[in-house]
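Engineer: Take a look at this one; I'll ask things after.
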Amino acid sequence: MKQFRVVILLVIISVILLIIQLLILHTLIYEEDKEHHTTDSVWITCSLRIYEQKYKNLYFFIKQLVHDIVWLTGRNGIPLFLIDPLVLQKIESYNGTSAVSCQLICFNQKVTYLATFSQFAGELEKASFREDLQDHGYSVALSNGLNPSLLRHGFQVNIPLHVIVSSKHHTFLVLIIIFQERSGNFWWHGKLGFSSEQLNKWGISQDKLNYSNQEAAYEKVEIVAAHVDGIKVQVPVNPSVFLQSPKDVAFIECNYDRARKFQETYGKDTSPEAQLFQQSAKKLLVKAKEILDGLGVPFWLSSGTCLGFFRECDIISYSKDVDLGIWIKDYRPEIIPEFSTNNIPLTHQFGKVEDSFELSFQDKDIKLDIFFFYEETNYVWNGGTQARTGKKFKYIFPKFTLCWTEFLNLKVRVPCQTKDYILANYGSNWFEPVKIWDWKKSPPNVQENGKWPLEDWPEVIQLLPLLGEN
């Protein structure tokens, strides 16, 4: 019995030892397999990271640059808002479903565009602001230009127009555009003042910049706070304002030096009649702008009104009317009833929409002429009609584009190539005041253009009496 118990004990011990050996063997095999699997995973992960490292570093630096500048300017009391067209386009189409942490700002773009307002320009010029950025590893450069609001009064005062903040080695830049609110109720920014050599130092050229190649005018829009890729920054509620083509926001300033020279040479008519006409003409221009803007019809200052802008930065006191130009493609039949509804009735309608179309309206004692322009391959023209004879006339102009300007505290368009336009219509003596003007003979660009058939006269020559006239 005692021997049997010994045998049973030995068997149990042998089984326990066998189980222990099996467990040790299993553990060794598992650890080896785990080590091999971990090595493969690390190798794969490292390969992916090496593949993506270039792009992640790129994205990080862009985001970090924008974040730091927004934060540092905010700390110095300078609010910034995004106007970058590529970022705003992405914001408009972004649905927020991507898991990528930097979806909007992070892409390979040399320059990111932000903006602020002129009332904060003084803070941008302070040494403490520049030192703050430099302490964080960024370089800062300001460009200045003349303040247009003071220029009209004869004061040449420089103000900051742009700030460029660059990262180390100038890999990426932020261009801060400083908007000035103009009396015409719009935002304006000046032309970039950096030289080509300075831009080359930053690795950019003037023609590659989305903004600042020219002066520009933008409609005022509401700005709201937002989080863009985790950066707290302000954005426009209506981004489309900053997505326009540069040609659609191009701006030219009236030449106040020329206007002062004209006034010094020929004096200023301060008679009550002249002042009353200029005041009434401005009111008519305000009304016409409201009506045409409401209809979505672009127009520009033409003929004598354009000459007044170019030569005097004012309405010519002896011109006795207001002249506007509109491309015939932009004509809308609603123009006539809309003016009439606003107590500016139609008095003359000449020509046809397809040929020499012209409208005249009357606002009390002042006439508003709207000339419709036709585009040809090498030139543009507008027509005229003599009511008494049915003769047609054609006024030839070199091709031109349109720019915004500020005229009598109004944001309106003029031909960008204003001098060429004036030279065509008034010749080389345009600077001299001419009070006797024959619209059929005086303009150097006028030429006879045949005669309307008699049977067309009821359509092409419409003289409409005003109410109260006999």
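The values are calculated or read from the model by the stated rules, or taken from the named source; none is laboratory data. Just so we're clear, the structure is a prediction, and the values are computed from it rather than from any experiment. Positions of Cβ are generated from backbone atoms using ideal geometry, with glycine treated the same way; all protein chains shown enter the neighbour counts. Heads up: the accessible areas ignore ligands, DNA and RNA and are worked out on the full protein's heavy atoms, side chains in. Shrake-Rupley method; radii C 1.70, N 1.55, O 1.52, S 1.80 Å.
Engineer: Mind running the shape call on the stretch 230-389? Use the C-alpha gyration tensor, a ≥ b ≥ c as the square roots of the eigenvalues: rounded below 1.5 for a/c, prolate if a/b tops b/c, oblate otherwise.
Structural biologist: oblate
Engineer: Another question, if that's okay. A 26 angstrom limit on the alpha carbon distance is what I want to check against. Which of Lys90/Lys232; Lys287/Lys399; Lys191/Lys411; Lys208/Lys232; Lys191/Lys220 exceed it?
Structural biologist: Exceeds cut-off: Lys287/Lys399; Lys208/Lys232.
Engineer: Give me the distance in nm between label points sitting 7 Å out from Cα along the Cα-to-Cβ direction at Asp248 and Glu290, one decimal.
Structural biologist: In this crude label model, Asp248 to Glu290 measures out at 2.6 nm.
Engineer: State to the nearest 20 debye the size of the charge dipole of the stretch 256-379 about its Cα centre, where the only charges are +1 on K and R beta carbons and -1 on D and E beta carbons.
Structural biologist: 400
Engineer: For the stretch 329-469, what is the relative contact order in percent, using Cα pairs closer than 8 Å and at least 6 residues apart in sequence?
Structural biologist: 23
Engineer: How far apart, in nanometres, would the label points at Leu423 and Gln156 be if each is projected 7 angstrom from Cα along the Cα-to-Cβ direction?
Structural biologist: 2.5
Engineer: So what are the radius of gyration and Dmax for the Cα set of the stretch 307-355, in Å?
Structural biologist: Here Rg and the maximum Cα pair distance are 13.9, 34 Å.
Engineer: Determine the sum of side-chain charges near Phe117: Lys and Arg each +1, Asp and Glu each -1, restricted to other residues whose C-beta is under 13 angstrom from that of Phe117.
Structural biologist: Net charge in that neighbourhood comes out at 0.
Engineer: Still on this structure, please answer the following. Leaving out same-chain residues fewer than 8 places away, which aspartates and glutamates sit with a Cα under 13 Å from that of Lys352?
Structural biologist: Partners within reach: Asp456, Glu459.
Engineer: State whether the stretch 333-431 is rounded, prolate or oblate according to the following rule on the C-alpha gyration tensor (a ≥ b ≥ c being the square roots of its eigenvalues): a/c under 1.5 gives rounded; otherwise a/b larger than b/c gives prolate, and the remaining case gives oblate.
Structural biologist: Judged from the Cα gyration tensor, the stretch 333-431 comes out oblate (a/c at least 1.5, b/c at or above a/b).
Engineer: Sort Arg258, Arg130, Arg311 from largest to smallest accessible area, using a 1.4 Å probe on the heavy atoms of the protein chains.
Structural biologist: Ranked from most to least accessible, the order is Arg130, Arg258, Arg311.
Engineer: Please work out the Cα convex hull volume for the stretch 319-384 and give it in Å³ per residue.
Structural biologist: 83
Engineer: If the reach is capped at under 16 angstrom between alpha carbons, list the lysines near Lys435, excluding any in the same chain fewer than eight residues apart.
Structural biologist: Lys268, Lys320
Engineer: Just to compare against my own numbers: the Cα pair-distance distribution for the stretch 159-251, 10 Å bins, whole % per bin, please.
Structural biologist: 14, 41, 36, 9, 0
Engineer: Could you tell me how many cubic angstrom of Cα convex hull volume the stretch 105-183 has per residue?
Structural biologist: It comes to 102 Å³ per residue, whole-number rounded.
Engineer: Computed FRET efficiency, Cβ-Cβ of Lys126 and Val434, R0 41 Å: what is it to the nearest 0.05?
Structural biologist: So the FRET efficiency works out to roughly 0.20.
Engineer: If I stretch the segment between Trp327 and Asn200 completely, what's the gain in nm (0.36 nm per residue apart, minus their alpha carbon distance), one decimal?
Structural biologist: Stretched out fully, the Trp327 to Asn200 stretch lengthens by 41.7 nm.
Engineer: Using 0.36 nm times the number of residues separating Gln275 and Glu375, minus their current alpha carbon distance, what extension gain do you get?
Structural biologist: 32.3 nm
Engineer: Would you calculate the separation in nanometres between label points at Gln109 and Lys168, each defined as 7 Å from the Cα along the Cα-to-beta-carbon direction?
Structural biologist: Between Gln109 and Lys168, the label points sit 2.5 nm apart.
Engineer: Roll a 1.4 Å probe over the protein heavy atoms and report the accessible area of Thr171 in Å², nearest 10.
Structural biologist: Thr171 has an accessible surface of roughly 70 Å² with all protein chains in place.
Engineer: Would you mind classifying the stretch 189-293 by shape? Square roots of the alpha carbon gyration tensor eigenvalues, ordered a ≥ b ≥ c; an a/c under 1.5 is rounded, otherwise it is prolate if a/b is larger than b/c and oblate if not.
Structural biologist: Oblate shape, in that a/c is at least 1.5 and b/c is the bigger or equal ratio.
Engineer: Something else now. Could you work out the equivalent-ellipsoid semi-axes for the stretch 234-292, taking the square root of 5 times each eigenvalue of the Cα gyration tensor, largest first, in whole Å?
Structural biologist: Equivalent ellipsoid of the stretch 234-292: 35, 19, 9 Å, largest first.
Engineer: Next question. Rounded to whole Å, give me the distance from the Cα center of the stretch 406-445 to that of the stretch 244-307.
Structural biologist: Using only Cα atoms, the two centres lie 12 Å from each other.
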